[in-house]
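Everything on this sheet refers to the single structure shown next.
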Amino acid sequence: SDFLGSLFIQERPKVTEGQMKLYIADGTPQCVKVLAALELTGVKCEIEAVSHEERVVPHLSLLESPVLLLPDGQHLFSPNSICQYLFDISGQKATDATNEWLEWEATSLQPAVLQSLHMVALQGKRVEAAAVMKEPLKWLEQSLSKKNSSFLTAEAVSVADVVLWAALYPLLSDSSFDVGELRSVRGWFERVGDLAACQAAANRVLHGKGVEALKTFLQKHPATQTQRRDSPTNATEAEVAEHVITVEEIEEAAQIWSEGLKSSPAVTERKHPVLPQEGKRNVLLPSALPYVNNVPHLGNLIGCVLSADVFARYGRLRGWNLLYICGTDEYGTATENKAREEGLTPQEICDKYHAIHADIYQWFQIDFDFFGRTTTKQQTEIAQDIFWRLHERGFLLEDTVEQLRCESCQRFLADRFVEGECPHCRYPEARGDQCDKCGRLINAVELRNPQCKVCKETPVICSSKHLFLNLPKLEDELEQWLDKSTSSGDWTLNARHITRSWIRDGLKPRCITRDLQWGTPVPHEDYKEKVFYVWFDAPIGYLSITANYTDQWEKWWKNPQQVELYNFMAKDNVPFHSVVFPCSLLGAQDNYTLVNHLIATEYLNYEDTKFSKSRGVGVFGDMAKDTGIPSDVWRFYLLYLRPEGQDSAFSWSDMALKNNSELLNNLGNFINRAGMFVSKFFDGCVPEMLLNEDDKRLIAQVRWELKQYIQLLDKVRIRDALKCILNISRHGNQYMQLNEPWKKIKGGDGDRRRAGTVTGVSVNVACLLSAVLEPYMPSVSHTIRQQLQAPHTCVSAMLQNTGTFICTLPAGHRIGAVSPLFQKLENEQIEVLRKRFGGQQPEEESVKAKAPSSAAETKPSAGAVHDASVNVNADPERAKQLTALVAEQGNKLRGLKAQKADKSVIDDEVEKLLQLKKQLSLAEGKNPEPAAQKGKKK
C-alpha cells in the first residue's frame, strides 16, 4: 500500500536480525516513525546518523534518510515500508486494516502535514496551517469515534498507530496549534505518545524543539499544494502532490517506451458462452438486480450496473476470463401493485419494464454478457432445490409470526411497503425490513406508527405460519468463511462494517416465506399458498440468470476453487449478500461459489434532496438520453463523483464545471491538439522522435500514473483511478505548454525536429489515454483510436501486468481525420435542465395572479422574514451571494448526514437551508413555494 516502497523493492527479502543498518538524520520528521517502530519491535539493527547533505546511496542522488540497508545490499527507502518491514520480521504481519491506514497516511495525511509544517515553521501561519489539517483530522476523528478499540486496528498498538502518530507528532504536540476539540484523535494520540518507544524516537530526532527542529529539512523540501487522492478535484483546485521520479525510473521508462509493440498480445474476440478456463483468472461478476417496477435513476446506475461495467471492461482488457451478468428482479408485492396501477397483469408489467431497463442500460453502454430476469423456469428449479437441501439438512424452522396487513388494500404488506419510526434510532422513515439511518434489520411489526406506503392507512397485525432460515445454526460456519473472504478479498470498508455489525448484534432466524401470489412458489405441501421472500429468492436470480445464459452454469456457480466472485451493490444490500445469501448457500452444502470481493457504494443524492419519480425530482435513466448530453459524459460525471467513502450529490452546475474543465479543457484539449499538430505540421504522419531529458521525464511520469491506475482498478478503486487518467492529460498539457511545438515548427531545423519529437510523444500519450479511458468512456475511447488509426493491440498491450507505456504510433504512422471530442455545456443549457428536473413548478398564471401591483408594496424591511407568497423585484447581486450561501449550507447538511448527526441538529440545518432558498427565490424575482407545502402529507 505504500507506493514509494513498491517502486524500489518488489519482495521483502528474509534477513537475520542484527545484519541491518538504519540511516537517520536529525530534524527529519520521517525518521521519528522508523525509530519508534525499531524500538517497539525490538529488532536488532545498527543506527547511523547522517547529515542532510550526505548521500546514503551514492548512485541515487534524490534519496535521503531514513534508509534501511539490508544484508544483501538492497535498500528500503520508503519510511512506511521500513516500518512495515520491521513489524513483519518481528512477527506482527500486515493486515488489510493496517495497509489501508498506511495508504491513507502516505496519500492523504502526509502531503497535508508537510504543507502545514511549512506554514508553521517557515511562514508563521498557524491558523492557515490548521485549516489545511482540518479535513484529514476530521476524517480521522470520525473513524476513531466509531471504534471500540484503544488503537486504530486493535487493542494493541500496530504499525498504523506508529506511522500516523509520528506524522502528526510535530503538529499535535504543539499546544498552540489549534485544530479544535477532536476528542477521539486527542485520546488516541496521547495513548500512543505514552509509549516509551515513541517518546524516545521523538526526542532523538527533534531534541525537544518541536517544529523548530525541522526548519533545515523543510527549507530543502518545498511543500506542494495538496489534496486527498480520493477526493474530487477540478481545474481550479490545487493538484495532488507529485511523485518524485528517480533517474533510474526515467531511463527504464524511456527504454521500455522505445521498444514499441514488438511483442504485443493478440486481441481475442469474446466467444459465448464464456466459461471458466484452466490456467486463467476466472472472474464472475453479477451486478445487484434492479427491481423491475422502478425506472432506475442515476444513483441506481452508479451503485450497481455502471460501476460493475467499468470493472468488467477493465478485466477483459487485462485478459481476465470474465462473465458479467445482471437482470431484473421481478417478483414481489411491488410488482403486483404496479400491475394494479397500470391495469396490467404482473407478467405484463415485468415484460414492459424489463424492456425499459434493457434500453436504458444499452444507451449507457453497459456491456453485459447476459441481461436476464427472475421470472423463469430456471429460477423456480434452482430456488426450490436450495430450499429442499436446507430443509433436509435441518436449517429451516417453522414459526407463527405476526404480520402487517392493510385492510384498505386487502393484502399482507411486503416489508418495503411499510414505513414508520425505527424502534432503535427513531428515524421516522424506516422501511419494514431495514432502517436506512442505523442500518439495523427490522421486523415490520416493530415499527412505531406504521403506514401502508400505497394508501397511507395504518395496517393491522395478523398471525400467519412461516418458514425461517436458521441463521444462528449457520453462524459459526459463516464467521469462518467471512474471516477468510474479508482477509483475502477486496471488501469495501462499509461492506466490512455493516457485515460485522450484523454478526456483532447476533444473528436471528430469518423468515423466507411470504403471503403473496406473485413469486417463486414454496414447494412444501404445508406452505403451497405461499411464495419465497424476495431476499431469499432474489440473489438466487444470479444463478438462474446464468443458467438462462448457459446450461453449463454450474461451472461458474459450483466451482469456488477456480472462480473469483465479485458483487457490486449499494450499501443497503450488503447484509443480504454477506450474511443471508451466503448462509443459504453454505447450508445447501453443494460446493457453491461464494463472494470473494464485495463492493458497496454509499448513496448518490440529487442536488440537496432525494430522487423522486412522482415529484419529478432528479434524472432517471429513460430521461438522460433526452438531455442532449452524450452517454459517455454521463458515465464520466457519475464515476467522477461515485459515492465511495460517503454519500455524494449530483449537481448540474458541478457537472457543467467538470465537463468544461476536465473533459473539454484538460482531456479533450490535449488529445485534439496532439492530433491536430500531426495533421497540420507533419502531413498526418507521426514525425521522428529524438528523446531528450524532458521527453523521458514525461514518459516516466505518465508510466507512473498508468501503474497507479492499474493498482487502483485492481483494487476496484474506480473513482481514484479516473483521477490518474486526468493526471496523465494534465502532464501532457503542461509538456506541450513548456515546449511550444507551434512556435518551434516555424524555426530552424533543430527547432522543427524538437517540434516533431514533442508532437510524436504527445500523440502517443493520447493513444494511451484512449486505452485507459475504455472502461469509463467506451465511445470516446473508440473515437480517439479511430482518429489516430491506432493498432488493435495497443490497448491490451499497455494494460498487461503492472502497466506498460510504449510507443504504439511510431514515426511514419499515418493518423486519420481529427475532430473535437467534447462540447461545452453552456450555462443557459444547464439552467433549462436544472428547472426541468427540479420538481413540479408553480403555474405561470398563478405566479402572475399573486404578483403585487407595485414594487413599493412588497419591499421588505431590514431583517424581515419574507412572505412566501409575495413576488419581489430581482436583485442579481443579492442572488449571487445567496447562491453561494445555499451551496455552503447544502454542503454542511450533507456532511452532517454523512456523520449521522442527531435528527434535531439536521432538522435545524434543513430549516436554515429552506429559509436561504426562499430568500434566493425572492432575490431572483421568483415565487418561492408556499410555506404550507412544507412537510409531508400524512
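Looking at the square roots a ≥ b ≥ c of the eigenvalues of the Cα gyration tensor of the stretch 475-570, which shape do they give, rounded for a/c under 1.5, prolate if a/b is larger than b/c, or oblate? Oblate. Per residue, the accessible area of the chain comes to 44 Å² when a 1.4 Å probe rolls over the protein heavy atoms. Stretching Lys280 away from Ser184 to a fully extended chain increases their span by 29.9 nm, per 0.36 nm per residue minus the current alpha-carbon distance. Remark: accessible surface ordering of His357, His297 (largest first) is His297, His357, probe radius 1.4 Å. The amide H of Arg373, built 1.01 Å from its N in the peptide plane, has Thr328 as neighbours under 5 Å, considering only residues 5 or more places off or on other chains. Classify the stretch 739-826 as rounded, prolate or oblate from the Cα gyration tensor: take a ≥ b ≥ c as the square roots of its eigenvalues, call it rounded if a/c is under 1.5, otherwise prolate when a/b beats b/c and oblate if not. Because a/c hits 1.5 or more and a/b fails to exceed b/c, the stretch 739-826 counts as oblate. Where both bridge residues fall in the stretch 21-220, DSSP classifies roughly 55% of the beta bridges as antiparallel. One decimal place: the segment Asn692-Ala811 gains 41.2 nm when fully extended, by the rule 0.36 nm per residue minus the C-alpha distance. All alpha carbon pair distances within the stretch 661-814 were sorted into 5 Å bins beginning at 0; the resulting P(r) in whole percents reads 2, 10, 20, 24, 21, 13, 6, 3, 1, 0. Here the accessible area of the chain is 49 percent carbon and sulfur, with a 1.4 angstrom probe and all protein chains present. For the chain, the longest principal axis of the Cα atoms and the long axis of helix 540-549 meet at an angle of about 80 degrees. Helix 493-505 against the longest principal axis of the chain: what's the angle in degrees, Cα atoms only, rounded to the nearest 10? Tilt of helix 493-505: around 50 degrees. When each of the peptides 473-485, 799-811 is scored by how many other beta carbons lie within 10 Å of its residues on average, the order from highest to lowest is 799-811, 473-485. Take every DSSP beta bridge whose two residues both sit in the chain; close to 55 percent of them are antiparallel.
In terms of the Cα gyration tensor, with a ≥ b ≥ c the square roots of its eigenvalues, is the stretch 21-220 rounded because a/c is under 1.5, prolate because a/b exceeds b/c, or oblate? Judged from the Cα gyration tensor, the stretch 21-220 comes out oblate (a/c at least 1.5, b/c at or above a/b).
Under 20 Å from a label point set 7 Å out along the Cα-to-Cβ vector of Lys93, the amide N atoms of the stretch 148-174 belong to 153-161. Counting only heavy atoms of the protein chains and using a 1.4 Å probe, Cys462 has close to 40 Å² of accessible surface. Using C-alpha pairs under 8 Å with a sequence gap of at least 6, the mean separation divided by the residue count of the stretch 516-608 gives a relative contact order of 26 percent. Placing Tyr169, Tyr735 in order of accessible area, with the largest value first and a 1.4 Å probe, yields Tyr169, Tyr735. Model label points for Ala131 and Thr458, set 7 angstrom from Cα along the Cα-to-Cβ axis, are 5.4 nm apart. Pair-distance distribution P(r) for the chain, from all Cα-Cα distances in 20 Å bins starting at 0: 12, 40, 37, 11, 0 percent.
Peptides 911-917, 122-128, 109-115 ranked from most to least packed by the mean count of surrounding Cβ atoms within 10 Å: 109-115, 911-917, 122-128. Helix 247-259 and the long axis of the chain differ in direction by around 70°, with both axes built from C-alpha atoms.
Any idea how far the Cα center of the stretch 708-787 sits from the one of the stretch 268-324, in Å? Their Cα centres are 28 Å away from one another. For the peptides 282-293, 19-30, 189-200, the ranking by mean Cβ contacts within 10 Å, running from highest to lowest, is 282-293, 19-30, 189-200.
Over the chain, Cα pairs under 8 Å with separation of 6+ residues give a relative contact order of 11 percent. The Cα center of the stretch 388-422 and the Cα center of the stretch 78-127 differ in position by 50 Å. Counting only protein heavy atoms and using a 1.4 Å probe, the accessible area of His272 comes to about 110 Å². Were the residues from Cys685 through Ala156 laid out at 0.36 nm apart, the gain over their Cα-Cα distance would be 184.1 nm. Extending 7 Å from Cα along the Cβ direction at Glu911 and again at Arg834 yields two label points whose distance is 2.7 nm. Accessible surface of Val617, taken over heavy atoms with a 1.4 Å probe and every protein chain present, rounds to 10 Å². Evaluate the relative contact order of the stretch 21-220 (contact order divided by residue number), counting alpha-carbon pairs under 8 angstrom at least 6 apart; express in whole percent. So the answer I get is 28 percent.
The values are calculated or read from the model by the stated rules, or taken from the named source; none is laboratory data. On a predicted model such as this, the values are computed, not experimentally measured, just so you know. Cβ coordinates were reconstructed from backbone atoms using ideal geometry, including for glycine residues, and neighbour counts include every protein chain displayed. Protein only, heavy atoms only, side chains kept; ligands, DNA and RNA dropped before computing areas. Shrake-Rupley method; radii C 1.70, N 1.55, O 1.52, S 1.80 Å.
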